[in-house]
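Structure first, then comments.
The values are calculated or read from the model by the stated rules, or taken from the named source; none is laboratory data. The structure displayed is predicted, hence computed values, not measured ones. Please note: Cβ atoms are built from the backbone with ideal geometry, for glycine as well, and neighbour counts cover all protein chains shown. Accessible surface areas use protein heavy atoms only, side chains included; no ligands, DNA or RNA. Shrake-Rupley method; radii C 1.70, N 1.55, O 1.52, S 1.80 Å.
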Amino acid sequence: MFYKDYIRVLNINLSTGRIRVDKRKDLRAYLGGVGVASKLLQENMNPDLPPLHEDQPIIFAIGAASSVFPVITKTVAMFVSPLTGELGESYAGGRLAFTMLHAGYDAIVITGKSQKPCYVTVTQTGVEIKDARAFWGMDSDKVGSYIRNREHGSGKRSIIRIGPAGENLCSYASVCVDTYRHFGRLGLGAVFGSKLMKAMQVTGDLPMPIPNFKDYFKTYSKLYKQVTETEVMAKYHDAGTPINVEPLSAMGGLPTRNLTSGTFEHAENISGEAFAKNNLIRKMACTGCPVGCIHIGQFRREFDHGYEYEAISVGYDYELIYALGSFLGVDNTDGVLYVIDAVERNGLDAMSCGVVLGWACEALERGIITEEQTILPLKMGDYVNLAKAVDYIAQGVNQLYTDMGKGVKHVAKKYGGYDFGMQIAGNEMPGYHTGYGSLVGALVGARHSHLCNAGYSYDQSNRDKELDKEKLVDYLISEEIERCLLNSLIICLFARKVYSRENIRMVLKCVGLDYTDETLTDIAKRILRTKLEIKKSLGFAIQDVKLPKRFFETPTTTGKLDQYMANEIAEEYARRCEEILAEEDESIKEFV
Amino acid sequence: MARALRTDGMRKCIGCFSCMTVCAAVNKHNFSISKSAIKIKTNGGLKHGFYATVCHACKDDRACLEACPTGALVERKGGGVLLNKDMCTGCKKCVDACIVGAVFFDEEENLPIICKHCGSCTRFCPHQCLTMEEVDDVL
Ligand code: SF4
Ligand code: SF4
Ligand code: SF4
Ligand code: SF4
């Protein structure tokens, strides 16, 4: 809590219905956000049980300076990932952080399993576990509107929910947050499903006096100015992240048709400009963000004969256009939105879903699987059938689709085609095929995401230089550490350039946390150490990862990659992790 | 010249809530947007656009003021009203009287929350949805 020396944790046990609130002073050593969530995950998880066992917890945490400064908007969710079997960590914007703050909780720990489908309401005056039997089976949009009508809290609430994919325990099911944001990656939706928890609504408007108004407002104004004046922020608002589609394709780093290429000849047709021209109807923001990068596109769909049309609007961004556009050979904006809509309704992670479908198209073409198994003549670019296949995955209509719902690593191991099932340590690849930075970055990153350490960004700025292994490892590890800090506040990573150390210290001071740079670095390392310990306890070792061959066959923006070189870099990184794990944590004493 | 808050640009609203955060912070020294005199709302979920509920700066007849039995609300130059806290009994008559729903109520302080057209929110609206307009000084 702001101006307090403790972290306020709400514990909800779905098996017993018991609710408990803890005030934890010791958790201040982890600042907030990902730090606090990692520690709580470590305390509550059981490494010997499977990820979807009812005794595995779900942790939500907001950051140390959530919601009251520009672009500090995110909530972190941590869990044991049903997709990778190891560290599950995912971020979502929307209104969740804002409402948790005003409901009076820094973190929420959900354990156990409900006896029947339920949804949870969290308010400043109480927590309830309610009947959701009639909601079971509904898509995430529908359940959102039912809860909106049934519960109070208009304008100051957040509703998070799963679709059929989560109920059916697809390993990469997502949790939809306030219609347009998601806990997308690594399968939080399945963990919800395993607990028979369909949704959670958080409402809050606790009065929170600002004791140091002058300092606060000076800081707020300064950051607001910096945020709204940077060029990056304009870029994210105008055409949004899809502005990257064309340049990345031109450089050869846009994964296309199951990564058989890094260039998409129709990139222009699915570029940020194309979406803006054809489909863009609105832009939105997470609560507390003056930028507003959320782009909503609309398309028209005929749902019956006799000119029966409906207008459907869905959010789009770079990652979605990569995974459900270029990666699947879909070459027009309406087609991409058509598949996005299917992914949304079912509640799946778009990137994982796209990569799995990419494998399926190629596997069918090569005769590894048959049309009898795929039911549809699945092929690149055929977005109507691809969207149908998304439904089939979510419903697990037959053995193949059920296996596809377990991730590309699982399905490719079982049916064949491991070398073109594009995953990294079990997580489907992100939308960058830029070089060693992107590939090794995702391999060594704690949650195997491009956002762990932004290796793609290293590739882009070092494109013309010869590979310097040491320098790359240094970059990856220091970026991973710094992001542990950003993610404990939790700052949207689009604003990472605005939030220098100086600005971070300034905002923390405003909410009563006056730390030196050194202390902040210690905290960031402590967080990374905790995450590495969790990964180790779940049996992860960088050396065990076997990357699909295609990563080394299709040239990146920096040329073809060499498998041995990638392994060498990864091993060097692993060695550095061991060093961090072995370091004595002296400064934790300051907090206990 | 007096000025009054206008919401003509709401089509560009992204729902960032900066205006509410700033209004509550500046006028009430509080982080809670329930203290804000402007409310950004949706028409049933985020799939529809945003609109703002805030005082329209009525000029000739001010229903809120007329309804106030104690005279705690006084005419503001350029439209709208100003609240004299000491005279307010917390009866909420103004809340009912304002047909645009722009009078909110602070249960904690037992006082109505009414926009005073200070303009702070407009300086932090990133897309110029909210603006201050110069208006005649008429009372
Ligand atoms: S930049 Fe986009 S994702 Fe980040 S806080 Fe703003 S609206 Fe949300
Ligand atoms: S509060 Fe309502 S009635 Fe009073 S001046 Fe403003 S808009 Fe008019
Ligand atoms: S003009 Fe001033 S009082 Fe009115 S809504 Fe804006 S900040 Fe609040
Ligand atoms: S500050 Fe402007 S864009 Fe943001 S919610 Fe208010 S009116 Fe909308």
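Karplus-derived 3J(HN,Hα) values for the range B:120-127, using 6.51 cos²θ - 1.76 cosθ + 1.60 with θ = phi - 60°, are 4, 4, 5, 6, 10, 8, x, 10 Hz; glycine and proline are entered as x. In terms of the Cα gyration tensor, with a ≥ b ≥ c the square roots of its eigenvalues, is the range A:82-134 rounded because a/c is under 1.5, prolate because a/b exceeds b/c, or oblate? Since a/c reaches 1.5 but b/c is at least a/b, the shape of the range A:82-134 is classed as oblate.
In the elastic network of chain B, a GNM with C-alpha springs shorter than 10 Å, the most mobile of B:62, B:123, B:76 is B:123. Sorting the segments A:241-252, A:482-493, A:43-54, B:103-114 by their mean number of nearby beta carbons within 10 angstrom, highest to lowest, gives A:482-493, A:241-252, B:103-114, A:43-54. Per residue, chain A exposes 36 Å² of accessible surface when a 1.4 Å probe is rolled over the protein heavy atoms with every protein chain present. Taking a ≥ b ≥ c as the square roots of the eigenvalues of the Cα gyration tensor of the range A:165-273, is the shape rounded (a/c under 1.5), prolate (a/b larger than b/c) or oblate? Verdict is oblate for the range A:165-273.
Do you know the relative contact order of the range B:1-118, to the nearest whole percent, from alpha carbon pairs under 8 angstrom that are 6+ apart? Answer for the range B:1-118 is 23 percent.
When chains B and A come together, the accessible area they lose, probed at 1.4 Å and totalled over both chains, is close to 2800 Å².
The listed peptides A:318-325, A:415-422, A:353-360, ordered by packing as a protection proxy, come out as A:353-360, A:318-325, A:415-422 (highest mean of other Cβ atoms within 10 Å first). Database remark: amide H of residue B:113 closer than 5 angstrom to the amide H of B:104, B:105, B:106 (H placed geometrically; neighbours at sequence offset of 5 or more, or on other chains; Pro and chain starts carry no H).
Phi angles of the range A:203-210 translate, via the Karplus equation with coefficients 6.51, -1.76, 1.60 and θ = phi - 60°, into HN-Hα couplings of 10, x, 8, 4, x, 9, x, 9 Hz per residue; Gly and Pro are given as x.
DSSP bridge analysis restricted to chain A gives an antiparallel fraction near 85%, rounded to the nearest 5.
Per residue, the average separation of C-alpha pairs within less than 8 Å and at least 6 apart gives chain A a relative contact order of 16 percent. Mean partner shielding of peptide A:217-223, defined as the number of other chain Cβ atoms within 10 Å of each residue Cβ, is 2. Kirkwood Rh over alpha-carbon pairs of the protein assembly as shown, then Stokes-Einstein at 37 °C and 0.692 mPa s: what D in µm² s⁻¹, rounded to an integer? Here the translational diffusion coefficient equals 124 µm²/s.
A quarter of the convex hull surface defined by the alpha-carbon atoms of chain B gives 8.2 nm² as the mean projection.
Decide, for the range A:7-204, between rounded, prolate and oblate: order the square roots of the alpha carbon gyration tensor eigenvalues as a ≥ b ≥ c, take rounded if a/c falls under 1.5, and otherwise choose prolate if a/b is larger than b/c, else oblate. Rounded is the answer for the range A:7-204, as its axis ratio a/c remains below 1.5.
With contacts taken as Cα pairs under 8 Å at a separation of at least 6 residues, the range A:445-591 carries a relative contact order of 25 percent. Tilt of helix B:18-28 relative to the longest C-alpha principal axis of chain B, in degrees (0 to 90, nearest 10)? Tilt of helix B:18-28: around 30 degrees. Amide H contacts of residue A:94 (H built 1.01 Å from N, in plane; Pro and chain starts excluded): A:286, A:287 sit under 5 Å, all sequence-distant by 5 or more or on other chains. Averaging Cα coordinates gives a centre for the range A:355-399 and one for the range A:550-583; these two points are 32 Å apart.
Peptide A:227-234 is shielded by partner chain Cβ atoms: per residue, an average of 1 of them sit within 10 Å of its Cβ. Peptide A:197-209 shows a mean partner chain C-beta count of 3 within 10 Å per residue C-beta. Heavy-atom surface analysis with a 1.4 Å probe gives the range A:236-427 a carbon and sulfur content of 47 percent of its accessible area. Rolling a 1.4 Å probe across the protein heavy atoms gives chain B an accessible surface of 47 Å² per residue.
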